[in-house]
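Written out below as structure tokens is the structure these notes cover.
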Amino acid sequence: WQLRDLGTAIVVVLGLLIGLSSLRANKKLRVAFLLLLVAYLGVMNADMLSSAQFVGWAQYGIPWRSAGGLFLLTVAALLVPIATSRNLYCSHLCPHGALQQLVKGRFGRQFVISKYLARALRVMPFGLLAVCTFVAVTDAAFSLVDLEPFDAWVYAVAGWPTLAIAGVGVVASLFVPMAYCRYGCPVGALLRFLAHSGQWSRRDTAASALVLVAVLLSLGD
């Protein structure tokens, strides 16, 4: 482990302590921790989950020597919703989500999205998950990083699609709270599958459909 991995581990533990206790109601502590997420996990380390990461690890294995902290972050993100039915990563550990929380409502005026439009927009993350499933199973020559904003945190090597998605998502969050998280993030959609309510829902139907797609693609390969 490198020093950066130890730092990521400490931030993960702090996020779990705050998110799973009454400390999450402390507004000053909450803002300070959001700033820490943006500055350390985001700007310094660029440690955050992405569909490109999941597909890469599934196809080529986990780079243990260089991703110790990111692996711990991934384990926490996957196990907490299974154990507690709460998606703690999106609310307390994701730097991109933290940035959206910090900017929301800054202009005062907020756009109200109709329930019909909101319902249509919520389909988008699941559509992106379907694309990720196709790429993962078929090994199609398509860069998944272009579907997400997370590589924009390493702006020196980020492509313009990633930068555009990041910029539009953050600006949209000024007027529609957590716009990207709610209507564009495939990772958030994946983690919400794990935060089960105990009853069958449309989310479970969508997850089952993705599994069926993966099986069919595998049989046809």
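The values are calculated or read from the model by the stated rules, or taken from the named source; none is laboratory data. Only a predicted model underlies this, so the values are computations on that prediction, with no experimental measurement involved. FYI the Cβ positions are ideal-geometry reconstructions off the backbone, even for glycines, and counts take in every protein chain you see. Remember, those area values only see protein heavy atoms, side chains included, never the ligands or the DNA or RNA. Shrake-Rupley method; radii C 1.70, N 1.55, O 1.52, S 1.80 Å.
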Point to revise | The lone exception for Asp47 - which of (1) of a type in the set (D, E, K, R); (2) within 30 Å of Phe134 (Cβ to Cβ); (3) open to solvent by 60 Å² or more (accessible area, probe 1.4 Å) it fails | key: (3)
Check your understanding: Does segment 68-84 contain at least one residue that is open to solvent by 60 Å² or more (accessible area, probe 1.4 Å) and in contact with a His (Cβ under 9 Å, 6 or more places away or on another chain)?
Key -> yes
Exercise for review: Could you list all residues from segment 119-171 that are touching a residue at least 24 places away in the same chain (Cβ under 8 Å) and open to solvent by 70 Å² or more (accessible area, probe 1.4 Å)?
Suggested key: Arg122, Met124, Phe134, Asp139
Check your understanding: Just checking, which of Arg106, Arg119, Arg65 is within 21 Å of Ala152 (Cβ to Cβ) and over 18 Å from the mean Cα position of the chain (by Cα)?
Key -> Arg106
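Could you pull out the residue among Ser91, Ser114 that is open to solvent by less than 70 Å² (accessible area, probe 1.4 Å), small (Gly, Ala, Ser) and closer than 26 Å to Ala32 by Cβ? First the steps, then the outcome.
On the way: Ser114 fails: closer than 26 Å to Ala32 by Cβ.
Unique residue meeting the criteria: Ser91.
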Point to revise | Boolean, Ile10 is surrounded by 15 or more Cβ atoms within 10 Å (Cβ to Cβ), over 17 Å from Cys90 (Cβ atoms) and free of Cβ contacts under 8 Å to residues at least 24 places away in the same chain | key: no
Study note, to complete from the structure: By residue number, the members of segment 98-126 that are within 16 Å of Gly184 (Cα to Cα) and of a type in the set (A, V, I, L, M) are Ala98, Leu99, Ile113, Leu117, Ala118, Ala120, Leu121, Val123, Met124
